[in-house]
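**Student:** Sharing a structure with you now.
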Amino acid sequence: MNKAEMKEAILAAKLERNLKWSDIAAAAGLSSEYTCSACLGMNHLEKEQADAVAKTLGLAGDVSAALQRFPHKTWAQPIPTDPVIYRWYEMLHVYGDTIKEMIHEKFGDGIMSAIDFTMDVDREADPKGDRVRVIISGKFLPYKSW
């Protein structure tokens, strides 16, 4: 089973069992965000975690095996048109240079890691309409001179 087939099987089972990502993540002992990313094919799980996810979803060992394989983190498609994903592209287009400048000003020449990285997605109550709160935290990695 490849990662795309795994993703489809997981999404179908999640829907069929009426599970939330937090339910699946609890079984794996991981964050909802990381578990979701692994289930969508962009990260991997260790055997124990993968087995727990597959069991929670009522899926076979081939799903667990696919969850354990290291992914290819590539984007073969053009900019997505799904409004939620597109808005992230829009935010980076508008604020990417600003984020880069702020990182350089505060840390020096380097990057924010997407490997040593955490993310939390929450709902924030607001009388004018609930807000999406995303907290992204990545380790700073300075460029080195030699």
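**Student:** Against the definition (surrounded by 12 or more Cβ atoms within 10 Å (Cβ to Cβ) and within 14 Å of the chain's Cα centre (by Cα)), how does residue 64 come out, yes or no? Before you say what the answer is, go through the steps one by one.
**Tutor:** Values: surrounded by 12 or more Cβ atoms within 10 Å (Cβ to Cβ): yes; within 14 Å of the chain's Cα centre (by Cα): no.
For residue 64, the condition - surrounded by 12 or more Cβ atoms within 10 Å (Cβ to Cβ) and within 14 Å of the chain's Cα centre (by Cα) - is not met.
**Student:** When you look at residue 37, is it hydroxyl-bearing (Ser, Thr, Tyr), crowded, with 16+ Cβ neighbours inside 10 Å and touching a residue at least 12 places away in the same chain (Cβ under 8 Å), yes or no?
**Tutor:** no
**Student:** Let me ask something else about it. Give me the residue from the range 17-28 that is in a helix (DSSP H, G or I) and free of Cβ contacts under 8 Å to residues at least 12 places away in the same chain and, out of that set, farthest from the chain's Cα centre (by Cα).
**Tutor:** Ranking the candidates gives 26 first.
**Student:** Right, next: Considering only residues that are in contact (Cβ under 8 Å) with a residue 12 or more places away in the chain and under 24 Å from the mean Cα position of the chain (by Cα), look in the range 87-114 and name the one that is farthest from residue 33 (Cα to Cα).
**Tutor:** If we take residues in the range 87-114 being in contact (Cβ under 8 Å) with a residue 12 or more places away in the chain and under 24 Å from the mean Cα position of the chain (by Cα), then 110 is farthest from residue 33 (Cα to Cα).
**Student:** Just one of 53, 94, 63, 132 is at pLDDT 95 or above and not assigned by TED's automatic domain parsing to the domain that holds residue 35; which is it?
**Tutor:** Criteria check complete, one pass: 132.
The values are calculated or read from the model by the stated rules, or taken from the named source; none is laboratory data. Keep in mind that this is a model prediction, so the values were computed, not measured. Neighbour counts run over all protein chains shown; Cβ positions are idealised from the backbone, glycine included.
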